[in-house]
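A short write-up of the structure that comes next.
The values are calculated or read from the model by the stated rules, or taken from the named source; none is laboratory data. All values reported here derive from a predicted model rather than from experimental measurement. As a convention, Cβ positions derive from the backbone with ideal geometry for all residues, glycine included, and neighbour counts pool all protein chains shown. These accessible areas exclude ligands, DNA and RNA; they are computed on the full protein's heavy atoms, side chains included. Shrake-Rupley method; radii C 1.70, N 1.55, O 1.52, S 1.80 Å.
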Amino acid sequence: MNGGLGEGEVLNPVNNAKTLKSAFDIEVREGVLTVWINRPASLNALRSGDKLELATIIEGVAPDVRVILIRGVGTRAFCAGADIKELAKHSVGSGVASLSAEARLFDAFLRCPLPIVAMVNGYALGLGLIIACVCDVILATEDAVFGMPEVRNSVPAGMQTQLLVDIIGLNRARYLLYTGAQLSAATAREAGLVSEILPDLDAIEARAGELAATLKSLPKEGLALQKRVVDSWIRNPFNANIEGNLYLAASAFGDATPANEIGRFLAKKSGS
């Protein structure tokens, strides 16, 4: 017997085992994969199983997808972090498992060869903020709020927060991590975290569509190689990158794509 179902659990029709109801809705349209975090009653906070599911979605993107958009359902939050109810029940063992799930999730985003755009409205806190950080572009509404509130629960932020330090600087990150303070969209833009600020969700949807069209128009292989280069900047010390990127950047010339694109540019320029 499976016993009663817990909050957010469903029965797997294959083996009748209890599992979490999916926290995500996905749609593919004209080469754009949109992923909605769909737990609005919990401000789109994610459980450990949700982190693994999102990693699997990003790892398993179909070959015809060119751009990924990630957003939260509702108007209150992009993602308010890890599920606080689950967090309260963690032991050391389950805490390690949850942080390992986060490590896999962030690795999936960083290794993904496709550009990923975060559409942030409302709260992007803790895990939600770091998910935004591992996206390539952050579009935010004017009322978006960014923060790392873990210290308030006596739980330090995970090692992946190093990326936040790289983006906004050590002292700004210290301030957020030590005080649990929050950044407005305008301050986050000033700090280099947010790419663009839009008035509201309708404006973000329109801008995301424009941006997706631009990204789709660029050579897929070139974008993938550029993402690998940037990923190496994030992961490796500076000196190691210099030598390693020599071959990685040069490998772009292994086929005719760069020559063709440069040729089109030169032809257009000479005709203007």
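Indicate the gyration tensor shape class of the range 109-237 (rounded, prolate or oblate), computed on the Cα atoms with a ≥ b ≥ c the square roots of the eigenvalues: a/c under 1.5 is rounded; otherwise a/b larger than b/c is prolate and the rest oblate. Oblate is the answer for the range 109-237, as a/c is 1.5 or above yet b/c matches or exceeds a/b.
The range 213-230 and the range 65-137 have Cα centres spaced 22 Å apart.
Each Lys or Arg adds one and each Asp or Glu takes one away; over the other residues whose Cβ falls under 15 Å from the Cβ of MET148, this sums to 0.
Across the range 46-161, C-alpha contacts under 8 Å between residues 6 or more apart give a mean separation that, scaled by the residue count, equals a relative contact order of 30 percent.
DSSP bridge analysis restricted to the range 73-232 gives an antiparallel fraction near 20%, rounded to the nearest 5.
Between rounded, prolate and oblate, where does the range 106-149 land on the alpha carbon gyration tensor, with a ≥ b ≥ c its root eigenvalues, rounded for a/c under 1.5, else prolate if a/b exceeds b/c? Can you show the working numbers first?
On the way: a/c = 4.01, a/b = 1.54, b/c = 2.61.
In terms of gyration-tensor shape, oblate.
Hey, any idea what % of the range 31-139's accessible area is carbon plus sulfur with a 1.4 Å probe? Of the solvent-accessible surface of the range 31-139, carbon and sulfur hold 61 percent. Modelled spin labels at ASN153 and TRP233, positioned 7 Å past Cα toward Cβ, are 3.2 nm from each other.
Give the shape of the range 78-117 as rounded, prolate or oblate, defined through the alpha-carbon gyration tensor: a ≥ b ≥ c are the square roots of its eigenvalues, a/c under 1.5 means rounded, and otherwise the shape is prolate if a/b is larger than b/c and oblate if not. Oblate, since a/c reaches 1.5 and b/c is not below a/b. For the residue pairs LYS227/LYS268; LYS51/LYS220; LYS21/LYS85; LYS21/LYS220; LYS216/LYS268; LYS220/LYS268, alpha carbon separations beyond 23 Å are given by LYS227/LYS268; LYS51/LYS220; LYS21/LYS220.
Figure note: TYR175, TYR123 ranked by solvent-accessible area, largest first, 1.4 Å probe, ligands and nucleic acids not counted: TYR175, TYR123. Report the local net charge at PRO115: Lys and Arg +1, Asp and Glu -1, summed over other residues whose C-beta lies under 11 Å from its C-beta. So the surrounding residues net to +3.
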